[in-house]
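Encoded as structure tokens, the structure appears first; notes follow it.
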Amino acid sequence: MLRFRLLCALGAATAAVAALAPVTAGPTAAAPAAGVSALSKGACGGERPARPGGGRYTCTFEDDFSGTALDRSKWVVQDTSLSGFHAGQSGCYVDDPDNVSVGSGQVFLTSRKEAEPFVCHSPYGDYTTDRTAATIATWGLFAQTYGRFEFRAKLPDTAIQGIHSALWLYPQKFTYGAWPNSGEIDVAEWFSGGAENVYPSVHYAGEDPWKSTGYNCPMPSAGTQFHRYAVEWTPTSMRFLYDDRVCFTHSWTPAAPLVAPQPFDQPFYVVLTQVFGGGWNAITDQTPTSATTAVDWVRVWK
């Protein structure tokens, strides 16, 4: 199978929701209603892209990472000690400046092989690993149904297998059940073992993976230059644009009892991930001991 699951079904909706939930004492942010954002203005970065059917989009979310620290009013940092989710095969998600940092107008997400094995604490059972990884998400802070979601990013500069990066969207609520029933949208997924391409995908119950993943989106400079990765999501289709050129379009037909536009008629939140790989892109003795995805900005329009 081409892709290695970043999130997988745990068999229970509560466990799946814990993937990015900030499991801490005290109140947490309430999930926004569909199409509602803490940010509402005309343009993101001075831009209002053209809608495919005419008119212009209106900005609903933007982060240009202009500060010196991650804006916690917009982002939650994945932490295995809270969520219980492994990073890749057996890594540990950590909320640590070595893995998640902001500077020079960018956020840097780093997966690292640590100097010594350590105990990764998890509510589902501690385990020993020597690898840490990074994911940040707008879980509980921003989610939207339909619109244009875009990232400007530079992926790791390596063609040695074992590194995996993703810019993606995930459902705020599991309205139709655990993965894949409630859907997943991979705007740009990258594997160092096949570094010449970046892959968009739409995941749902009943998908044909040969039709729901775009295999013809070459990006040979993904690790050396910043590029723009976007999806335009409507009730009938997903249109993926890399550097503003359409490279893949998909219209979904979910398995019964769902009927399109289900499951993609619900709010999804934004996720940025940097981990070590698995499956066909598994770690080898030659895999770099660290890899970083740099994101210049994230913008969402409605």
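The values are calculated or read from the model by the stated rules, or taken from the named source; none is laboratory data. Given the structure is predicted, the values throughout are model-derived calculations rather than measurements. Neighbour counts are summed over all protein chains in view; Cβ atoms, including those assigned to glycine, are modelled from backbone coordinates with ideal geometry. Quick note on the areas: whole protein, heavy atoms, side chains included, nothing else; ligands and nucleic acids left out. Shrake-Rupley method; radii C 1.70, N 1.55, O 1.52, S 1.80 Å.
Computed values, structure above
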read-out	value
Total charge dipole magnitude, segment 196-302, about the Cα centre, Cβ charges on Lys, Arg, Asp, Glu only, Debye to nearest 20	240 debye
Accessible area of T224 in the full protein assembly, 1.4 Å probe (Å², nearest 10)	80 Å²
Computed Rg/Rh of segment 187-254, alpha carbon atoms with Kirkwood Rh	0.98
Solvent exposure, largest accessible area first (probe 1.4 Å, DNA, RNA and ligands not counted), of L82, L272	L82, L272
Whole-Å distance, taken between Cα centres, linking segment 79-148 and segment 241-302	16 Å
Two-site FRET efficiency, D208 against T68, from Cβ-Cβ distance with R₀ of 51 Å, rounded to 0.05	0.65
Residue of T60, T80, T253 that the Gaussian network model of the chain assigns the largest fluctuation, springs spanning Cα pairs under 10 Å	T253
Only Lys, Arg (+1) and Asp, Glu (-1) charged, at Cβ; the chain dipole about Cα centre in debye	900 debye
Among A133, P254, L167 the positive-end extreme of the charge dipole of segment 113-257 (Cβ point charges)	P254
Rounded to the nearest 20 debye, dipole of segment 112-172 from Cβ charges on Lys, Arg, Asp, Glu	300 debye
From the coordinates shown, Rg and Dmax of the Cα atoms in Å corresponds to which of [x] 17.9, 56; [y] 23.0, 78; [z] 26.2, 104	[x]
Computed [θ] at 222 nm, deg cm²/dmol, the chain (DSSP H ≥ 4; -39,500 (n - 2.57); rounded to nearest 500)	-500 deg cm²/dmol
Kirkwood Rh (inverse of mean 1/r, distinct Cα pairs), segment 241-302, angstrom	16.3 Å
Heavy atoms of I163: accessible area, 1.4 Å probe, square angstrom to 10	0 Å²
A260-R56 FRET efficiency (beta carbon distance; Förster radius 25 Å; 0.05 resolution)	0.40
Residue of A195, A50, A255 that the Gaussian network model of the chain assigns the largest fluctuation, springs spanning Cα pairs under 10 Å	A50
In Å², nearest 10: area of Y242 left accessible to a 1.4 Å probe	10 Å²
Taking the C-alpha atoms of segment 188-302, convex hull volume expressed per residue in Å³	123 Å³
Gaussian network model of the chain, springs between alpha carbon atoms under 10 Å - residue of R148, R239, R56 with greatest fluctuation	R56
Surface per residue (accessible, 1.4 Å probe) for the chain, Å²	41 Å²
